[in-house]
Amino acid sequence: MYLQNLKLWNFRKYGNSNPFDLQEPSLNLNFSKGVNVLIGQNDSGKTAIIDAIKLVLKTHSYDWLKIVNEDFYFDSDRLRIELVFDDLDPEEAKHFTEWLGWNKEVGKEPRCFLRLIYDVRRNIADNKIFPSDVKAGVDPVGYQLTAEAREFIKTTYLKPLRNAKAELVPRKNSRLAQILQEHEAFRGRNKDHSLVSLFNDFNVSVEKYFLGIANNDVPLPPTEQKGKELKDEIDSYIRSFYDETKESAFGVKDNNLKNILEKLELSIKDEINPGLGTLNRLFMASELLHLHKKNWTGIRLGLIEELEAHLHPQAQMQIIEALQKEKEIQLILTTHSPNLGSKIKLENLILCSNNYAFPMGNEYTQLDEEDYGFLERFLDATKANLFFAKGVIMVEGWSEEILLPAIAQRLKEQDVIQKNLTEAGVSIVNVTSTAFQRYARIYLRKDSLLNKIETPVAVITDVDVRAFEETIETDQDGKYKKVYLKQDVATVLVKSITKITELEAKFDKENVKSFIAKDWTLEYALLKSSSLKSLFEEALIEVHPQIDRDNFEAELGKKLINKTLYKTELAYQLASKLDKHTTLAISEDDTGIKYLIDAIKYVCND
């Protein structure tokens, strides 16, 4: 069985001020078998989802979990959590027969499911929370689970910034001891286990040492009699303080299996002073062992917060690759790591945004199968920043990526926008091509009736209608030469308007909006800019000193056609000049670069 669905009503940020309605959950989230990764910016609700699951299921490590006033959405007096487990096989289902329901789909075999309900109320006047138990059943109220049944729904949980070292060293009720006790190597065994015999033998050897006797009952050499001398000194005090007939005994007491396991430590062989990253991996390995235990007929669900804790990027990649191959267990993870975001299969991601959660599987997005293959290959760590952003600007090259932050900063200084791109949490995603649709469709939902992703996404692209054309002419000597002629302005305008209309129809959907240069390319638009024209010409001269300074437009057109323009260096020089010219103002009505200004304002929510 696996956790198929989570519903929340008024739990932390997942709530609203509407009257409580069982037909309208604040969050209705489906999970998939295998790995599920909750991803998104800070305070987007990832931990709330993990905590809701924990509160209902409890954990194998016996964490103290209970509802507190902060779990209620603002001033609501009721919260509710529902979990649905699907695909129960007969051995799993037998633990929950009186609480099961049945899914009956046309053309498919009926299958049973288990719905867990945690409905909690409070008195707003004094913030008193009324006692409530987890129930189960197909009706809205359900029936209380037995203690025995609850044992089969406990989850394994790894907290964020976990202290793996403390969990792996010997101590009472250590997590390592709990995991070992549940393994078939130790479960149901006690005095008859061979480890107990080994420890008894060890105790005998220790006792003999402090008596000054070797294991073969021969007295130890004089140099090894210090242990006996120490014991004799203690015994002299015991006889005087306590009883003449008493003496001390060294050894490991209470040699039952539980106490022995609590004395074990797990480490990497031949690894001296391992760091937190190594210990974290070792700890996760021990927890996965617990989830894979044989002859277990309860859930196999692991919750891991901040998988990347104490791990360098290469280790993160290695671990997520291994986890995505897991078949028998279900994992729900959270992460703040773009490295992990780029390595996890897109269909395994769940984007938390705008007080909702959005699975990225193909049944939810407008991506097609080919898009998933493309994005899995090209969604690197830089582009994965889009999952953590409050706004996204998609560009097709380095020039826009370099120049946009400088323009946004100047607009902020002029009070055109309240925050620059960094302050507004905006990521610039350079797709290095015109494959905008593949990336943009990540944000588009297949079902028009479901919640929409509200993250503003701006697609910045060139109109790519040439203002100049290359032709071949003959000179007076009859030799061929290339000539670059400016196109008829009216013809170019009509073509540009037609192309812009086509691109807007292609890209503009829901929160995704296109911002298109009306003049050929970014560089041609900058030359036409009333605000940046002079700085752009200065930068063009510095990057291409041989350029004809009496005809910038034709020279730029020639280089654009021949692909000899150093676009990245040109953008860098222009951005540097803009940073230095602190008094230069950018007009909001600058027709040349208005598309850039509008894109910045859109993603910055201005």
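Just so it is clear, none of the values below were taken in a lab; they were calculated from the coordinates. Bear in mind the structure is a predicted one, so any value in this text is a computation, not a measurement. Using ideal geometry, Cβ is built from the backbone for each residue, glycine included, and neighbour counts are taken over all protein chains shown.
Using Cβ point charges alone (K and R +1, D and E -1), the dipole size of the chain about the Cα centre works out to roughly 840 debye. Taking amide hydrogens as placed 1.01 Å from N in the peptide plane, the amide H of Q4 sits under 5 Å from those of V84, F85, D86, each at least 5 positions away in sequence or on another chain.
Mean residue ellipticity, 222 nm, helices only, the chain: the sum of -39500 (n - 2.57) across DSSP H runs of n ≥ 4, divided by residue count and rounded to 500, is -10000 deg cm²/dmol.
Simple point charges give the picture: +1 on the Cβ of Lys and Arg, -1 on the Cβ of Asp and Glu, and for the stretch 1-141 a dipole about the Cα centre of about 140 debye. Only Cα pairs under 8 Å and 6+ residues apart enter the sum, and on that basis the relative contact order of the stretch 25-131 stands at 23 percent. The dipole here belongs to the stretch 369-603: it is taken about the Cα centre, uses +1 on the Cβ of Lys and Arg and -1 on the Cβ of Asp and Glu, and is about 400 debye. Close Lys pairs in the stretch 191-255, defined as Cα atoms under 14 Å apart and 8 or more places apart or on different chains, number 5.
Karplus-derived 3J(HN,Hα) values for the stretch 4-17, using 6.51 cos²θ - 1.76 cosθ + 1.60 with θ = phi - 60°, are 9, 8, 10, 10, 10, 10, 6, 9, 6, 6, 8, x, 7, 8 Hz; glycine and proline are entered as x. Amide H to amide H distances under 5 Å link V465 with W520, where only residues 5 or more positions off or on other chains count and H is placed in the peptide plane. Roughly speaking, what is the centre-to-centre gap between the stretch 361-421 and the stretch 577-596 when only Cα atoms are used, to the nearest Å? The two parts, judged by their Cα centres, are 21 Å apart.
Close amide H partners of L444, meaning residues 5 or more places away or on another chain with modelled amide H under 5 Å apart, are Q366.
Coupling constants for the stretch 342-347 follow from the phi torsions by the Karplus curve (6.51 cos²θ - 1.76 cosθ + 1.60, θ = phi - 60°), and in residue order they are 7, 9, 6, 4, 4, 5 Hz; glycine and proline get x. Peptide packing: for 413-424, 529-540, the average count of neighbouring Cβ atoms within 10 Å per residue gives the ranking 529-540, 413-424, highest mean first. Couplings for the stretch 588-594, taken from phi via the Karplus curve 6.51 cos²θ - 1.76 cosθ + 1.60 with θ = phi - 60°, read 5, 9, 5, 5, x, 10, 4 Hz in order; Gly and Pro are left as x. The distance linking the stretch 465-494 with the stretch 12-91 is 65 Å (Cα centroid to Cα centroid, whole angstrom).
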